[in-house]
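Participant: Dropping the structure in here first, questions after.
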Amino acid sequence: MDLEEAKSFTERCSQCAAVSWGLTDEGKYYCTSCHNVTDRSEEVVSTAVITNTKINSISRGLRKRSKHEKGWDWYVCEGFQCILYHQAEALKTLGVGAELKNEVLHNLWKRYLQKSKQAYCKNPVRTRGRKAKVLGDNLQSSDCASELELLSDTTLESGAEFQSDPQIPKPFPLVKASPKSEAADVCSGSVDGVEYSEWKEKGVLKMTVPRTLALCYLSLLWQRETITLSDLLRFVEEDRIPYVNAFQLFPEEMKVYGRDKGIFAVESWPDYEDIYKNMIEVAIFLDLPRFPDVTEDCYLHPNILCMKYLLELNLPEEMHSLTCQVVKMTGIGEVDFLTFDPIAKKKRTVKYDVQAVAVIVVVLKLLFLLDDKLEWSYSSLAEAYNEEHREDEPQFDFRKWYQVMKKTFDEKRQKWEEARAKYSWKTKRPIYRSHIDKSVMYKRREMVEHLQKQFSALVGSTPVAEKKDPSSFQFNWTEGDTGSPCFHGHSLQGLLRTKGQSLITKNSLYWLSTQKFCKSYCKHVTTYEESNFSLSYQFILSIFSFLLRIKTSILHEEVSLIEKKLFEKKYNESKKRSRPKKVRRH
Amino acid sequence: MSDFDEELTKLALAEDGKRETSVFSNPGMHFPWLQERIETVVTGGKKKRDFAQTTSACLSFIQEALLKHQWQQAAEYMHSYLQTLEDSDTYKRQNAPEVIWKLGSEILFYHPKSNVETFNNFADRMKNIGVLNYLKISLQHALYLIHHGKLEDANRNLSDAETWRYGEKSSSQEVLINLVQAYKGLLQYHTWSKKKTELSEIDKDDYAYTSETGNSGNQSCRTSTSICALLKTPGVWDPFVKSYVEMLEFCEDRDGAREILTNYAYDEKFPSNPNAHIYLYEFLKREKAPRAKLISVLKILHEIVPSHPLMLEFHTLLRKSDTEEHQKLGLSVLFEFLDFAGCTKNITAWKYLAKVNVSHLVWVEEEWMSRRSWWPTFHFSFFWAKSDWKADADLACEKAFVVGILLGKGCRYFRYIVKQDHETLKKKIKRMKKCVKKYSIVNPGVCT
C-alpha cells in the first residue's frame, strides 16, 4: 500500500468524510482513517489509449473545471432570468394576464441588466478582462434606442424573445475565470459564479432570489393585478410560485455547485418586510417612473380590499360603510397616496393589504372599544336581542364571532404549522460547495431518499391532502357545510344610534394604540408589547396578521399610523390620553 | 475556507466524544428554553433559517407523536425530518444520524407495519452514515434482534461489529467495542447454558456427554476473552459477571471467579453496586468460606442496602459470632431492617427479634430510643393489629410479643392480640403474656 500514490484522489470518504487515501494491492482506494474501501480504482497512467469506462470516471477527478461536470457554460444572470421566467409562468397559471410576463417583467428585467451594466449597454462594466456581454449580442439594436421608454406601454418587439426558451446558452466569447478559481474549494457551476459572489460595486443592486420576487411584485403592481404582496408570498409558501430551490428548474445541463450555492440556494420563505424593502430598493435602482394610478375601481384600493377582508374575516358587510368613512377621513384612498412613485421624494409605497386590515381593526375599535369589557357587554345585549327576535336579521354578536374565529383559526394555524414542519427543503439536485464534497453529497442524498422510501411505506395509503385550487381567499364562510356560522349578513343595529339625521356609534370612547412614534432613524414606527394591550385586541391582531402571514407588530404599526391620521388634531393638541368623540355620518 | 471547515469538522468530531459523556453524566438539570436562547445568541441575532425552524418544529411533532404512541404520524414526520441529514450546518448534520437513529428505531420498534426486515434495513443504512455511530447502532440492532428471538442474527451482527475496521477512530469507542464483545460472550453463555441443561438430562456414561463437556470447556474459554475486557472497565456489568462466573465455576476455575468477583466488588473505580457484594457473598458461601469473611462482605452490603433480605442471614451469622460487638451489630441490623416499609410483614425478622437474648435487653432499649417516636404508629397501630391478625396470625403473635417487650402489656396492639381467642395459639399467647410481664422494658401503665 502506498500513500503517495493516492494523492490524486481527493474526494471525501463516504464513511468518515476524511480525505486521506491509500491504495490497496488491487489498486483500489481505501480510506486510511476508517479503512473504508471504495469501488474506485486508481487512475491508470494511460500510456496507451485504453477506452475503459472505469478510467474515464476517475479522470473526472480534480483537474479542471470543465471536467467535473459536463454542462453548459452559463452566467449567473441567466440563472436569475430562468427563475424569473418560471415565476412569470407560474403567475400566468394563477390567472395573471400574459402581458405581465411578456411586457412588464421582461422590461423590468432588461432595465435591471442595463442599470447594473450587465447587458443592454455599449460598454458593460464587467466585461473588463473577462465578462461577456450577456444577451447583448442577441438583441436588436433598436433596444438601445428604446431604453428610455422601456416601460412605456407600447409592446416591444423583443417582448417575444423572453417567451422563447431563455435557457439556451448563447454563444459567449469564453474567457476563463481568474486563476483564483483554480483552487479546489472555490468553484462554481456558472461561468461567473465566483466573481459574482465577490462582486461589490457601489450603486449596483445585485440580484438575489428574494429580489426576483420583488421584481415580480413590481410588475404585478404595475399591472394593478388582483394579487397583493401577502397573497404572492402565500403562493410562494404553497409552492405555487418557484422560489425555494428555484434552481432545480434549471435545465439538467446548467450545473449548480460551489459558489452558486450562496447565490441560488434559499432555505427560508420570503419575509413580507424583507420583500417589501427589496421592492422599493429595486424600484429606486431601476429608476422607475410613477406607476399607473391606483383608483377607486382598482383591487388595491382600500375600499375594495376592506370588503375582501371583511368577507375573509367573517365580519358583517355593514361594516364596509364604516371602513369607507375611515378611509375617506384619513385620506388613504387618495390616488396620490396610493400610487407608487419611486422617483418622488418620499420613497415609499403602501402596504395595501396590511393597511386595509388595519382599517378594519380601527373600525372594530370604534365599535367595540376592545377594552375587554365593552365588547362583551354589547355581546350580551346582542345575544338577548337575537333570542327575542329570532325571525329578524340577527345583530352582530362579538362573543359568538370570537368563538367561531378562535376555533377556526386555531385549527388553521395548527394545520399550517404541521404543513410547514413537513416541508421538504432539499432537492434531488444537491449543491455541493467544493468538488471533494460532491460524492458525499450525492451519497447522502441517495441515503435520504432510500430512508424516505422506507418511512413512506409505513405511512401507508393516505397521501398528502391534495392541493386546493389557488385562491386569494383562504376561508369560505358562506358554504353551508363548514358548520361555522356566517356573520356577513348580521346587522350593526345595536351598536349604532341615530342622532338627528346621522348615525353615530353608541360607544363614544376610543383608545390609541400608541402615542409614541419613533422619530429616530430606526425604521419601525412603534413597538408592540403584547401584554400592554387588551386580550381582545391581541386576539384580533393575532388572527388578522396570521391571515396575511405577517408579524403582529407590523399590523400594530399600521393601525397606529391610521389612527395618527384619523386623530391628527388630538395628536397635535396634547400628549395626554385622548378621548375623542367620533361622530360618523351615514 | 474549506481547510477551515475541515478543521472545524475535526474539532467537532473530537469533541463529540467528550460532549456525549458530559451530557449524559449530569442528567438532572436541563433548560429547554435556555437552549433556544443559546441558539439565537449563536446566530448573533440573525434570523434563523426557516429550514432550521421547521426541522426543529418537526422534531417536536415527532416527539409528541411518540409520546402519544401515534406511530403513523411519527413516521410521517420522520419522512420530512430525514432531510436534516443534509443540513448545511455542519454541527447539526453530524448530530442528525444519532437523533434519526433513536427516533427511527423507536418508531420501527412499535409501528404495526414494521417488521424485522424493515428494522434491519434501517439499521444497516444508518450504520453507514458517518463512522461514529457504527458500533452503537450495531449493538442496539443486535439487542433488537435478541428481543425478537433472532439470536443467530444478533450473533452475526455482533461479530461484524467486532471485526469492523475503524482505524484511528477506535480509541474513543473502546468501551463500545468491549460491550459488543461482551454481548457476544453473553450470547455464547446462553447457548452454553442451554446445552448444560440438555446435558443434565443425558446419562453421564453416555459418549455424547464426555464429548460435549469437552466442547463446553472450549466455549467458556472463548467467552472469557469476550467478557473479560469489559469487566476491566468501571461500570455495572451484572449479567455479564454473573454468567461469566457461572462458566468459570463450571470449569472449576475458582481462583479466576474469585478474582473477578473481588475486583468487581472492591475496586474503587467501579460505581457502588450492591449486586457486586451479593454475588461475592453467594460465591463465598458456595465455597464455604470462613464466617468472618462472609461477615465482612455483608457488612458492606448492609451499609448500602440495609433492607436487603440477606440482612436476616447476616443477623444469624452475627448472632453465632462470639464477639459482643458482632452480637450488638446483629441486633441493630434487625432493627434497621424493620425500619423499611417493605419489610414490615417479614415474619422471620420479627421472630428473630422476639428471640433476642434476654441478656441483651439493654441494647434493645438503646435501639428503641430512636424509634420510640414513630414505630408505634408505623408497626403497632390498632389498625395493624387487626389486619395482621386477619392476614397472618403467626406474624401478629410475634409482633405482639415484641411490642409487649417494647411498649408493655398495656399497648393496644398487644391487648388486641391477647384478647383473640385462638385455639392453637392459646398456649403461645399465654407464654407470651408471662414473658412480657417479666421482661418488658417499660414500667406497666406508662404506655398507651
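The values are calculated or read from the model by the stated rules, or taken from the named source; none is laboratory data. Please read all numbers here as calculations on a predicted model, not as lab measurements. Note that we place each Cβ from the backbone using ideal geometry, even for glycine, and neighbour counts take in every protein chain shown.
Every residue, every condition in (1) hydrophobic (A, V, I, L, M, F, W, C); (2) within 18 Å of B:Val402 (Cβ to Cβ); (3) touching a helix residue (DSSP H, G or I) at 6+ places or on another chain (Cβ under 8 Å); (4) assigned to a helix (DSSP H, G or I), yes or no:
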site	(1), (2), (3), (4)
B:Phe314	yes, no, yes, yes
B:His326	no, no, yes, yes
B:Lys345	no, yes, yes, no
B:Lys351	no, yes, yes, yes
B:Ser359	no, yes, no, yes
B:Val364	yes, yes, yes, yes
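Participant: Still on this structure, please answer the following. Here is a list: B:Ala341, B:Ala400, B:Ala354. Which entry is among the hydrophobic types (A, V, I, L, M, F, W, C) and surrounded by fewer than 14 Cβ atoms within 10 Å (Cβ to Cβ)?
Facilitator: B:Ala341
Participant: Please go through segment B:56-77 and give me each residue that is surrounded by 21 or more Cβ atoms within 10 Å (Cβ to Cβ) and either touching a residue at least 40 places away in the same chain (Cβ under 8 Å) or more than 7 Å from chain A (Cβ to nearest Cβ) (or both), ordered by number.
Facilitator: B:Ile62, B:Trp71, B:Ala74
Participant: Still on this structure, I have one more. Which one of the conditions (1) under 25 Å from B:Glu336 (Cα atoms); (2) in a loop (DSSP other than H, G, I, E, B) does B:Phe378 fail to meet, given that it meets all the rest?
Facilitator: Only one criterion in (1) under 25 Å from B:Glu336 (Cα atoms); (2) in a loop (DSSP other than H, G, I, E, B) is unmet by B:Phe378, namely (2).
Participant: Hey, could you check segment A:399-438 for residues that are of a type in the set (Ser, Thr, Tyr) and in a loop (DSSP other than H, G, I, E, B) and say which is farthest from A:Val266 (Cα to Cα)?
Facilitator: In this case the residue turns out to be A:Ser434.
Participant: Just one of B:Ala182, B:Ala208 is modelled with pLDDT of 85 or more, out of contact with any strand residue (DSSP E or B) (no Cβ under 7 Å at 6 or more places or on another chain), more than 14 Å from chain A (Cβ to nearest Cβ) and assigned to a helix (DSSP H, G or I); which is it?
Facilitator: After ruling out the rest, the residue left standing is B:Ala182.
Participant: Out of curiosity, is A:Val209 at pLDDT below 95, crowded, with 19+ Cβ neighbours inside 10 Å and within 14 Å of chain B (Cβ to nearest Cβ)?
Facilitator: Taking the combined requirement at face value, the residue satisfies it.
Participant: With the structure loaded, tell me whether B:Ala142 is hydrophobic (A, V, I, L, M, F, W, C) and not assigned by TED's automatic domain parsing to the domain that holds B:Phe61 or whether it fails that test.
Facilitator: Spelling it out, B:Ala142 is indeed hydrophobic (A, V, I, L, M, F, W, C) and not assigned by TED's automatic domain parsing to the domain that holds B:Phe61.
For (1) of a type in the set (Val, Ile, Thr); (2) out of contact with any Lys or Arg (no Cβ under 9 Å at 6 or more places or on another chain), each residue gets a yes or a no:
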position	(1), (2)
A:Leu221	no, yes
A:Ile227	yes, yes
A:Leu232	no, yes
A:Glu238	no, no
A:Ile241	yes, yes
A:Pro251	no, yes
A:Val256	yes, no
A:Phe264	no, yes
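Participant: Now a separate question. Check whether at least one residue in segment A:326-336 is within 30 Å of A:Gln403 (Cα to Cα) and part of a helix (DSSP H, G or I), and report yes or no.
Facilitator: Yes, segment A:326-336 contains at least one residue that is within 30 Å of A:Gln403 (Cα to Cα) and part of a helix (DSSP H, G or I).
Participant: I've got another one for you. If a residue has to be surrounded by 15 or more Cβ atoms within 10 Å (Cβ to Cβ) and within 12 Å of the chain's Cα centre (by Cα) to count, how many in segment A:274-305 make the cut?
Facilitator: Qualifying residue count for the region: 5.
Participant: So B:Ser272 passes all but one of these: (1) touching a helix residue (DSSP H, G or I) at 6+ places or on another chain (Cβ under 8 Å); (2) part of a helix (DSSP H, G or I). Which condition number does it fail?
Facilitator: So B:Ser272 meets the others, but not (2).
Participant: Now for a different question. Inside segment B:112-159, can you point out the residues that are within 14 Å of another protein chain (Cβ to nearest Cβ) and not in a helix (DSSP H, G or I)?
Facilitator: B:Pro112, B:Lys113, B:Ser114, B:Asn115, B:Asn128, B:Ile129, B:Gly130, B:Val131, B:Leu132, B:Asn133
Participant: Answer with yes or no whether B:Glu246 is surrounded by 15 or more Cβ atoms within 10 Å (Cβ to Cβ) and modelled with pLDDT of 90 or more.
Facilitator: no
Participant: Residue check: is B:Ala161 modelled with pLDDT of 90 or more and either more than 27 Å from the chain's Cα centre (by Cα) or surrounded by 15 or more Cβ atoms within 10 Å (Cβ to Cβ) (or both)?
Facilitator: Against the criterion (modelled with pLDDT of 90 or more and either more than 27 Å from the chain's Cα centre (by Cα) or surrounded by 15 or more Cβ atoms within 10 Å (Cβ to Cβ) (or both)), B:Ala161 does not qualify.
Participant: Looking only at segment A:363-391, how many residues end up being hydrophobic (A, V, I, L, M, F, W, C) and outside any helix (DSSP H, G or I)?
Facilitator: Total satisfying the criteria: 2.
Participant: Return the residues of segment A:272-295 that are within 14 Å of chain B (Cβ to nearest Cβ) and in contact (Cβ under 8 Å) with a residue 60 or more places away in the chain; say none if nothing qualifies.
Facilitator: Result: A:Tyr272, A:Glu273, A:Asp274, A:Ile275.
Participant: Could you tell me whether any residue of segment B:3-16 is at pLDDT 50 or above, facing chain A (nearest Cβ under 9 Å), under 19 Å from A:Arg444 (Cα atoms) and in a helix (DSSP H, G or I)?
Facilitator: No.
Participant: Look through segment B:78-92, keep the residues that are buried (at least 18 other Cβ atoms within 10 Å of the Cβ) and modelled with pLDDT under 90, and return whichever of them is farthest from the other protein chains (Cβ to nearest Cβ).
Facilitator: That would be B:Asp87.
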